[in-house]
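Enquirer: Handing you a structure now.
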Amino acid sequence: MSQPQGHFTTGEFARLCGVSKHTLFHYDEMGVFSPSGRGENGYRYYSLAQLEVFNVIATLKELGMPLADIKAYLDRRSPRELVALLEGEEAQLDEKIRALRQMRGLIHRKAALTRAALDTDWDAIILRREEEALFVLTRLPPLTTSRDTAMAISEHVLFRERHDIHSPYSIGSMIGVEAARAGDFETGYSHFYTRVERRPKGVEVFTRPAGRYLSACHIGGYASVGEAYGRLIGCAETRGMTLCGPFFEDTMLDELSMEGYDNYVLQISILTQGG
């Protein structure tokens, strides 16, 4: 039997669909999509009408539907079943689009924050006005060991996940003025925080007030971060400023762009009055 008129060989149909012949063989073996007929020589032949069916199958597979589920639909296909299937996939696609838009926003904001960090004079002590900011907090136990710190960070991350909180900002920490003056960087920290752009539902939010903030950067690891606090406190005393605690310690450049804690760029800032 020669090739039927208006039909395509497996190779021709595969080229039309943009897939390999192996894909068509696999779909046939699974019973998902079979040729419209076979020649006496055993060759598979596909009709033009099958092109639309294959395109729907390819779209559903691209959306993540397993071949077994696609076969189950095709086995019971009807107009009503098609409407239900497509509406269900549309709803899932809308959710994926929402998630992708959120991911895009986070990536865009993270890139902007990294550019801002690169544009900052890391050696200077800067006084500038900051707008009001929103923080989600978790309270800290004494951080006397590295394990204490790791566990506290884990608790903060889990808290954010439980409340579906996504932010481009790295985790920051708060420490009171007196603890910083005393050099108590083990038990003096009070909270971890994540800055958020809007108030999450069902979560208490700390509002950092707008005002003039004195800030300094630190490179050299957390073990020597007290040096930056000392510089800030000394600068404020020289200028006759009142420090309105707490201090806010932010990681401007972290493991995403710098390898190892000792190369992180930290920024410490505090609200001031006078001076």
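The values are calculated or read from the model by the stated rules, or taken from the named source; none is laboratory data. Note that the structure is a prediction, hence the values are computed from the model and not measured. Reconstructed Cβ throughout: ideal geometry from the backbone, glycine too, with neighbour counts over all protein chains shown. Quick note on the areas: whole protein, heavy atoms, side chains included, nothing else; ligands and nucleic acids left out. Shrake-Rupley method; radii C 1.70, N 1.55, O 1.52, S 1.80 Å.
Enquirer: Report yes if E40 is under 23 Å from Y73 (Cβ atoms) and loosely packed, with under 13 Cβ neighbours inside 10 Å, otherwise no.
Expert: Here the answer is no, as E40 does not meet what is asked.
Enquirer: In the list R162, R212, which residue meets the criterion of being charged (D, E, K, R) and touching a strand residue (DSSP E or B) at 6+ places or on another chain (Cβ under 9 Å)?
Expert: Exactly one of R162, R212 is charged (D, E, K, R) and touching a strand residue (DSSP E or B) at 6+ places or on another chain (Cβ under 9 Å), namely R212.
Enquirer: Could you look through segment 148-176, keep only residues that are without any contact (Cβ under 8 Å) to a residue 12 or more places away in the chain and open to solvent by 70 Å² or more (accessible area, probe 1.4 Å), and pick out the one that is nearest to R239 (Cα to Cα)?
Expert: M151
Enquirer: Now for a separate question. Condition first: farther than 21 Å from K110 by Cβ and not in a helix (DSSP H, G or I). Now tell me which residues in segment 153-175 satisfy that.
Expert: M174, I175 - these are the residues of segment 153-175 that are farther than 21 Å from K110 by Cβ and not in a helix (DSSP H, G or I).
Enquirer: Restricting the search to segment 128-147, which residues are open to solvent by less than 60 Å² (accessible area, probe 1.4 Å) and at pLDDT 90 or above?
Expert: E130, A133, L134, F135, V136, L137, T138, L140
Enquirer: Would you please name the residue that is surrounded by the fewest Cβ atoms within 10 Å (Cβ to Cβ), looking only at residues in segment 1-14 that are touching a helix residue (DSSP H, G or I) at 6+ places or on another chain (Cβ under 9 Å) and part of a helix (DSSP H, G or I)?
Expert: The selected residue is G11.
Enquirer: Applying the selection to segment 79-98, what residues are surrounded by fewer than 11 Cβ atoms within 10 Å (Cβ to Cβ) and of a type in the set (G, A, S)?
Expert: The one that is surrounded by fewer than 11 Cβ atoms within 10 Å (Cβ to Cβ) and of a type in the set (G, A, S): A91.
Enquirer: Could you check, for segment 229-241, whether at least one of its residues is in a strand (DSSP E or B) and touching a residue at least 12 places away in the same chain (Cβ under 8 Å)?
Expert: Within segment 229-241, one or more residues are in a strand (DSSP E or B) and touching a residue at least 12 places away in the same chain (Cβ under 8 Å).
Enquirer: Can we say K71 is surrounded by 13 or more Cβ atoms within 10 Å (Cβ to Cβ), under 30 Å from S257 (Cα atoms) and either in contact (Cβ under 8 Å) with a residue 12 or more places away in the chain or of a type in the set (D, E) (or both)?
Expert: no
Enquirer: For segment 192-226, which residues satisfy the criterion of being open to solvent by less than 30 Å² (accessible area, probe 1.4 Å) and part of a strand (DSSP E or B)?
Expert: F192, Y193, T194, V196, R208, G211, Y213, L214, S215, A216, C217, H218
Enquirer: Then there is this: Is it fair to say L266 is part of a helix (DSSP H, G or I) and closer than 18 Å to D121 by Cβ?
Expert: So L266 does not fit the description; no.
Enquirer: Given the structure, is A117 closer than 30 Å to G220 by Cβ, of a type outside the set (K, R), at pLDDT 90 or above and part of a helix (DSSP H, G or I)?
Expert: Answer is no for this residue.
Enquirer: Within segment 15-44, track down each residue that is without any contact (Cβ under 8 Å) to a residue 40 or more places away in the chain and assigned to a helix (DSSP H, G or I).
Expert: Result: R15, L16, K21, H22, T23, L24, F25, H26, D28, E29.
Enquirer: So, one more: Is there any pair with a first residue in segment 45-68 that is open to solvent by less than 70 Å² (accessible area, probe 1.4 Å) and a second that is of a type in the set (V, I, T) whose Cβ atoms are under 6 Å apart and which are 6 or more apart or on different chains, and what are they?
Expert: I57/I70; L60/I70; L67/V32
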